[in-house]
Amino acid sequence: MLLVQWVRIEELRAELRELKVRGGGQEDAGTRAGEDVTRTRRDLPGHAPRKQRQLGHRRRTFLHLLPLSSHSDDEEDKTLLKWTVGQSQGEGLQVSGHTVTVTRGGLYFIYSQVLYEDTTFVMGHVIKKSLGNNKTSLMKCMKSMADSIDLAMNTCYTAGVQNLESGSMLELSIPRKKAGVILQPHSTFLGSYKI
């Protein structure tokens, strides 16, 4: 969230510098004699209205995934979730089975939540990025679980901003074989959108 705010502040600073240059650098835009203080950049001379404001109203690439099934990889002691598209827009992210492939690089906000129903002491999941032969853990989420099956339900949510290169593959894995996971769309999901 701080990165998004920092980017927006830098954009506003650039707009202010441009306004000062176009206004001759004499005074702040909108405060010269006889000008309306409420005028926006679009109202200034030399600025034609844009079809869409580049950063505020453009269609962002996003992908929100819902769980289809889980698969236990006993050899690697992990559980993988197979995903289906819940909602999507744009072409920068593609899902195939248990992985998401990035086709347009850039900064992405990634979020995930898993609802566990398991008596294992600690449950959690890891979001990993693969690019070529390199695998990197981007985010981890861990939750303590009750030892009674009647009480052993807990969600684990994590989110963050990551730079993803074109060709990167994302995977959500649970470092337990045969993990007890609730595969309902409102409780377990994975998503990302381009910032």
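Observations on the structure shown:
- What the phi angles of the range 110-124 give under the Karplus curve with 6.51, -1.76 and 1.60, with θ = phi - 60°, is a coupling list of 10, 9, 7, 9, 10, 9, 9, 10, 7, 9, 4, 3, 10, 10, x Hz, glycine and proline written as x.
- FRET E, pair Glu75, Glu117, Förster distance 30 Å, beta-carbon r, rounded to 0.05: 0.80
- Sequence-separation-based contact order of the range 124-195, relative, with Cα cut under 8 Å and 6+ spacing, percent: 35
- Cβ crowding within 10 Å averaged over residues, with 161-169, 78-86 ranked highest first: 78-86, 161-169
- For Thr103, residues with placed amide H under 5 Å, excluding near neighbours: Leu93, Gln94, Gly167
- Cα-only Debye scattering, the range 62-194: base-10 log of I(q)/I(0) at q = 0.18 Å⁻¹: -0.95
- Point-to-point label distance, Asn134-Lys20, nm (Cα→Cβ direction, 7 Å offset): 3.8
- Sequence ranges 116-127, 63-74, ranked by mean other-Cβ count within 10 angstrom, highest first: 116-127, 63-74
- Backbone phi angles across the range 151-159, fed through the Karplus curve with coefficients 6.51, -1.76 and 1.60 (θ = phi - 60°), yield HN-Hα couplings of 10, 7, 10, 7, 9, 10, 10, 9, 7 Hz in residue order; Gly and Pro are listed as x.
- Rel. contact order, % - alpha carbon contacts under 8 angstrom, at least six apart, the range 62-194: 36
- Taking amide H atoms as placed 1.01 Å from N in the peptide plane, the amide H of Asp73 lies under 5 Å from those of Lys78, Thr79, Leu80, Lys178, each 5 or more residues away in sequence or on another chain.
- Peptides 12-22, 149-159 ranked from most to least packed, by the mean per-residue count of other Cβ atoms within 10 Å: 149-159, 12-22.
Throughout, read-outs are computed from the coordinates displayed, never taken from laboratory work. What you see is a predicted model; the values in this text were computed from it and never measured. For neighbour counting, all protein chains shown are included, and Cβ atoms are generated from backbone atoms with ideal geometry for every residue, glycine included.
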